[in-house]
Amino acid sequence: MAEVLEVRAEIESQIAGRTVCEQLRQVAADHPDSPAYSDPDGDGWRTLTYAEARERVLTIAAAFAELGLEPGEAVALMMVNRSEHVLADLGAVHAGGVGCTIYSTFAAEQIAFVAADVGARYAVLGGPADLERWMPALDRLTDLRRIIMLDGTPEGDDRFLSWAEFLALGERALAADRAAAEARCQAVGADDTVTVLYTSGTTGMPKGVPLTHRNVFYEVASTDRLTTLPVHGTQISYLTYAHIAERVLSLYLPLLKVSHVHFCTDLANLGATLGQVRPMMFFGVPRVWEKMMARLQAVLATQPEEQQQQVRQAMAAGVAYVEAGQHGGTITPEIQAAYDQADQALLSIVRAMIGFDQAKWTATGAAPLPDEVQRFFAGLGLKVIDVYGMTETTGAFTGNSPVDYKLGTVGRAEPGVEVRIAEDGEILTRSPLNTAGYLNRPEESAALIDADGWLRTGDIGSIDEDGFVRVVDRKKELIITAGGENISPANIENHLKEHPLIGQALAYGDNRPHPVAVLTLDAELAPGWAQARGIDFSSLAELAQNGEVLKEVERAVEAANAKLARVQQVKRWALIGSEWTAETEELTPSLKLKRRVIHAKYADVIEGLYGD
């Protein structure tokens, strides 16, 4: 404990008084010509240096001040990942305001709730698609003064201001009184709120989580120690800025590491962007890694059997190398030699092909990464390591590092962070990363953090003798069967998803005699699997009814059951002919299952699985 507190004090001393505003000023002064943000522009990139970025941020801050933004007031943001998103957020903060990115998949009712709850006075929207989501809510948002549109500004409505008009307003204000804009920045303190992020919400309305500059920079300093990345690295921003992981990794951390952030505006272009950028660091939620693996497997399956066998042998050497390098393990000369040979002959080529040849840190979080996926990338010589955290803890509070990791765990407590297991198995944490509580929700804040500062994660887990944490499942999502057995649905689901045909899985069995499962086909891989076998189909729904597909899914369920205890095994299952997405509401914006939504939507299907 003394060592933890000593490290905490060291980090707190290191970040004392630091704000996003001061950090950007310092980086722009020390590295004015270093590339900061790049947007796709045809076949190339349009880039701002750090000096140019800060000047644009001051312009935006001056524009917000000119419009009447007062310190502490919120600016709501909804747009794809692009430089203007980061600049608008930083501009609001430099003006003394608070940036609040809202999930672009939220319904109008949720948008109205969040904008009102955070007290948004201004909004910055990307274009017509974002405005369409906002329009039904606008009449209820009487405190919203102006809406700034990057594209597609409605004409004849003085509520709206184009981005060009907004910047011109800021340029005039900055030219007239630059000292006023600088004074606003300097007035921002480390304990001021830098952002309010809203939980993606598996049930009910989302909860606002205020985070301070102090929270953010403690996370940044901890992440820096964990990743040990060099300065001036390259990275890709593609996950929403409404998600704490993306905010930390591609908005706040780059201000410390002087990183070059490239924006991927559409997830469909991620593969091409990886090939162009060749990032030094890359974070993906499990679904991103699963889809990447599925696409690679589909490509490998088209190769002659002799080449497939060579790939399997090379990947076996990769898995052995990554597994041997775990905490407490030993990479023997034989393992090292086999890996070096496989890497030179094949693995390095595959990594270069998918854009990971420069990667120093690859990680995952937000939900459990299936073992099969982790082993697949280990086979390519990539350590896709788990980190663990929440919006309420400013992101990760435990993590594996590239040099100290255990597969299947979420790593050890970050520097200066305390973690313990409560009597009922819940993971608790205490550190400067913890939020002070939820916005406007005193009762739920009291339930989140106890009188001694321990934050209840809502997850069940364990800590081994080396300090590595394992997460079993969400406390409220554990299945308790009619026989009183406690079962982790995520464990069952991950085994089911190991088969490439299965895209998503939901295990069910609360107060029932045994688990059942609702499954979906992988919309990317299943069509290719079917075509390779000469199966005719016109839709995913039709494919889900095909006899050969159903037999293969049955084999997948049997293979999963073979890895599970008897009480965990799926007795019956149903295959759904549609994909689950955030837009169709079965998934949260961070691609986690909305269990209650699925339970309600497929109630008849689930009941049918328990019928005679």
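The residue pairs whose first member lies in the range 154-173 and is touching a residue at least 24 places away in the same chain (Cβ under 8 Å) and more than 15 Å from Ala123 (Cβ to Cβ), whose second member is surrounded by 19 or more Cβ atoms within 10 Å (Cβ to Cβ) and of a type in the set (Gly, Ala, Ser), and whose beta carbons are closer than 6 Å, counting only pairs six or more residues apart or on different chains, are Leu169/Ala63; Gly170/Ala62; Gly170/Ala63; Ala173/Ala62. Within the range 582-612, the residues that satisfy the criterion of being without any contact (Cβ under 8 Å) to a residue 24 or more places away in the chain, assigned to a loop (DSSP other than H, G, I, E, B) and surrounded by fewer than 14 Cβ atoms within 10 Å (Cβ to Cβ) are Thr584, Gly611, Asp612.
Consider Thr101 against the criteria (1) in contact (Cβ under 8 Å) with a residue 60 or more places away in the chain; (2) touching a Lys or Arg at 6+ places or on another chain (Cβ under 9 Å); (3) more than 20 Å from Leu433 (Cβ to Cβ); (4) β-branched (Val, Ile, Thr): it satisfies all of them except one. Which criterion is unmet? Only one criterion in (1) in contact (Cβ under 8 Å) with a residue 60 or more places away in the chain; (2) touching a Lys or Arg at 6+ places or on another chain (Cβ under 9 Å); (3) more than 20 Å from Leu433 (Cβ to Cβ); (4) β-branched (Val, Ile, Thr) is unmet by Thr101, namely (3). For the range 585-612, taking the residues that are β-branched (Val, Ile, Thr) and at pLDDT 85 or above, the one that is farthest from Ala490 (Cα to Cα) is identified as Val605. For the range 236-256, the count of residues that are open to solvent by 60 Å² or more (accessible area, probe 1.4 Å) and assigned to a loop (DSSP other than H, G, I, E, B) is zero.
Applying a threshold of 6 Å to beta carbon distances and a minimum spacing of six or more residues, or different chains, the list of pairs starting in the range 359-387 at a residue that is in a helix (DSSP H, G or I) and ending at one that is among the aromatic types (Phe, Trp, Tyr) reads Val373/Trp289. Do we find that Gly355 is in contact (Cβ under 8 Å) with a residue 60 or more places away in the chain, under 23 Å from Thr273 (Cα atoms) and either part of a loop (DSSP other than H, G, I, E, B) or open to solvent by 20 Å² or more (accessible area, probe 1.4 Å) (or both) in this structure? Yes: the conditions hold for Gly355.
Being out of contact with any Gly (no Cβ under 8 Å at 6 or more places or on another chain), outside any helix (DSSP H, G or I) and not hydroxyl-bearing (Ser, Thr, Tyr) is the filter here; which residues of the range 257-298 pass it? Matches in the range 257-298: Val258, Val261, His262, Phe263, Cys264, Asp266, Phe282, Gly284.
Would you confirm whether or not the range 423-431 contains a residue that is of a type in the set (Lys, Arg), modelled with pLDDT of 90 or more and not in a strand (DSSP E or B)?
The initial filter retains those residues of the range 423-431 that are of a type in the set (Lys, Arg), namely 430.
Applying the additional criterion that residues be modelled with pLDDT of 90 or more yields 430.
If we keep only those that are not in a strand (DSSP E or B) as well, we get none.
There is no residue in the range 423-431 that is of a type in the set (Lys, Arg), modelled with pLDDT of 90 or more and not in a strand (DSSP E or B).
Taking the stated definitions as given, is Ile335 in contact with a helix residue (DSSP H, G or I) (Cβ under 7 Å, 6 or more places away or on another chain) and assigned to a loop (DSSP other than H, G, I, E, B)? No: the conditions fail for Ile335. When the range 48-72 is examined, which residues are found to be open to solvent by 30 Å² or more (accessible area, probe 1.4 Å), in a helix (DSSP H, G or I) and farther than 20 Å from Pro35 by Cβ? Selection gives Ala65, Glu66, Leu67. Among the residues making up the range 541-581, a single one is over 23 Å from Glu372 (Cα atoms) and without any contact (Cβ under 8 Å) to a residue 12 or more places away in the chain: Gly547.
Filtered by the rule that a residue be hydrophobic (A, V, I, L, M, F, W, C) and either open to solvent by 40 Å² or more (accessible area, probe 1.4 Å) or closer than 24 Å to Leu591 by Cβ (or both), the range 257-279 gives Val261, Phe263, Cys264, Leu267, Ala268, Leu270, Ala272, Leu274, Val277.
Before we move on, is Val75 buried (at least 24 other Cβ atoms within 10 Å of the Cβ), under 19 Å from His260 (Cβ atoms) and in contact with a helix residue (DSSP H, G or I) (Cβ under 7 Å, 6 or more places away or on another chain)? If you could, list the steps in order and put the result at the bottom.
Details: buried (at least 24 other Cβ atoms within 10 Å of the Cβ): yes; under 19 Å from His260 (Cβ atoms): no; in contact with a helix residue (DSSP H, G or I) (Cβ under 7 Å, 6 or more places away or on another chain): yes.
No.
What do you reckon, is Ala187 open to solvent by less than 60 Å² (accessible area, probe 1.4 Å) and touching a residue at least 60 places away in the same chain (Cβ under 8 Å)? Spelling it out, it is not the case that Ala187 is open to solvent by less than 60 Å² (accessible area, probe 1.4 Å) and touching a residue at least 60 places away in the same chain (Cβ under 8 Å).
The selection criterion, being closer than 22 Å to Thr273 by Cβ and either in contact (Cβ under 8 Å) with a residue 24 or more places away in the chain or not β-branched (Val, Ile, Thr) (or both), holds for Gly42. Selection of the range 137-159 for residues being under 31 Å from the mean Cα position of the chain (by Cα) and open to solvent by less than 80 Å² (accessible area, probe 1.4 Å) yields Ala137, Leu138, Leu141, Leu144, Arg146, Ile147, Ile148, Met149, Leu150, Asp151, Gly152, Thr153.
Restricting attention to the range 321-343 and to residues that are open to solvent by 40 Å² or more (accessible area, probe 1.4 Å) and within 29 Å of the chain's Cα centre (by Cα), the residue that is farthest from Phe376 (Cα to Cα) turns out to be His327. The single condition among (1) open to solvent by 10 Å² or more (accessible area, probe 1.4 Å); (2) modelled with pLDDT under 85 that Asp466 does not meet is (2).
With respect to the conditions (1) open to solvent by 60 Å² or more (accessible area, probe 1.4 Å); (2) at pLDDT 95 or above, Leu174 lacks only one, and its number is (1). Would you pick out the residues in the range 108-135 that are of a type outside the set (S, T, N, Q) and farther than 24 Å from Leu87 by Cβ? Within the range 108-135, Ala108, Glu109, Ala112, Phe113, Ala116, Asp117, Met135 qualify.
A count restricted to the range 190-207 and to residues that are at pLDDT 95 or above and either touching a Leu at 6+ places or on another chain (Cβ under 9 Å) or open to solvent by less than 50 Å² (accessible area, probe 1.4 Å) (or both) stands at 6. Scanning the range 12-39 for residues that are within 16 Å of Leu87 (Cβ to Cβ) and either open to solvent by 30 Å² or more (accessible area, probe 1.4 Å) or of a type in the set (A, V, I, L, M) (or both) yields Val20, Leu24, Arg25, Val27, Ala28, Pro35, Ala36. Being within 27 Å of Gly611 (Cα to Cα), part of a loop (DSSP other than H, G, I, E, B) and among the polar types (S, T, N, Q) holds for only one residue in Gln504, Gln545, and it is Gln545.
The values are calculated or read from the model by the stated rules, or taken from the named source; none is laboratory data. Values in this document were obtained by computation on a predicted structure and should not be read as measured data. Heads up, the Cβs are rebuilt from the backbone with ideal geometry, glycines too, and the neighbour counts pull from every protein chain shown. Side chains are part of the model used for accessible areas, which takes the heavy atoms of the whole protein and leaves out ligands, DNA and RNA. Shrake-Rupley method; radii C 1.70, N 1.55, O 1.52, S 1.80 Å.
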